[in-house]
Amino acid sequence: MKALRFEDERLRLADVPAPSREGEAVVRVRLAGVCNTDLEIVRGYAGFRGTLGHEFVGVIERAPGAAELKGRRVVGEINAGCGACALCRAGDSRHCPARTVLGIRGRDGAFAEALQLPAVNLLPVPDEVTDERAVFCEPLAAACAIIERVNVTEEMRVAVVGDGKLGLLCAQALKVLTGARVTLVGKHTSKLRIARRRDIETFKIEELPPSFDRAFDVTVEASGSPRGF
C-alpha cells in the first residue's frame, strides 16, 4: 500500500506492507488531517521515523475479537497502551510509559491507505457526521479535555493563547460548552477573523492592553511555543 513516510530526514511516498500487527483492528483511511505536530516531526520533534499522521476517519476492515465493528466508520484514540501496567489496568492507557502513539511514537500513522489500532481505541462515527467534520475529533477531544480538568462556568473569563487549529477549537469548545466569555489571542488576522465570526473576542498580540494579563480567571496556552507563556 502507499504511505507518506518520514525517513532519512525527508518525506517520501513509499510502497509499504499492509498492516499486520496481530490482534489489532485494521482501518481503511478515508480522510486524514495535517497537524502542526506532523510539521514539527519533520523538523526533528520526537525523533519519529515512519508513516506520519494521527488525525483520521476511516472504515474498519478487520477487528479481531470485535467482528461487529467491521464496516463501521470510526475515529480513534491515538495512544495504545501496553495493557499490563498499573496505568493501563486503571483505564489510563494514554499515560502508559510503554505506549505507542499513532504517527508519533513507535506506530505508523494515518497518512497511508490503512492503519492499525487496538479495537478498543476505535469509536464509531454517527451517520450524520461527515468525514470532513469527524477528522477533527482528535484535536477537538484535546480541547474538550480542558473542561474535564478545570471547572469553567459561564460567569468566568477565559483567554486562549494561540490562533492555530487547536487554539480555534479550544476557544469554540469553551464558549459553546460553558457559556464563558472567551478571548482568543494570536498573530494571524485571517485566523482571528474565523473566531470573530463565531462571536469570540480576539486580540492580536501587539494590540494587547496593559491590563490584559490580570483580566482572566483561566488562561489556556495553545500556541505550542515558549513565547506563548
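The values are calculated or read from the model by the stated rules, or taken from the named source; none is laboratory data. Note that the coordinates shown come from a computational prediction; the quantities given were computed from them, not determined experimentally. Every residue, glycine among them, receives a Cβ derived from its backbone with ideal geometry; neighbour counts consider all protein chains shown.
Data table
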| quantity | calculated |
| --- | --- |
| From ARG72, ARG5, residue being modelled with pLDDT of 95 or more, more than 26 Å from PRO124 (Cβ to Cβ) and not aromatic (Phe, Trp, Tyr) | ARG5 |
| Condition broken by ALA142, with the remaining ones in (1) within 30 Å of LEU31 (Cα to Cα); (2) at pLDDT 95 or above; (3) hydrophobic (A, V, I, L, M, F, W, C); (4) surrounded by 13 or more Cβ atoms within 10 Å (Cβ to Cβ) satisfied | (2) |
| Residue in region 27-48 that is more than 18 Å from the chain's Cα centre (by Cα), surrounded by fewer than 20 Cβ atoms within 10 Å (Cβ to Cβ), closer than 14 Å to LEU122 by Cα and in contact (Cβ under 8 Å) with a residue 24 or more places away in the chain present | yes |
| Filter result for ALA195 (surrounded by 20 or more Cβ atoms within 10 Å (Cβ to Cβ), more than 18 Å from the chain's Cα centre (by Cα), at pLDDT 95 or above and not in a strand (DSSP E or B)) | yes |
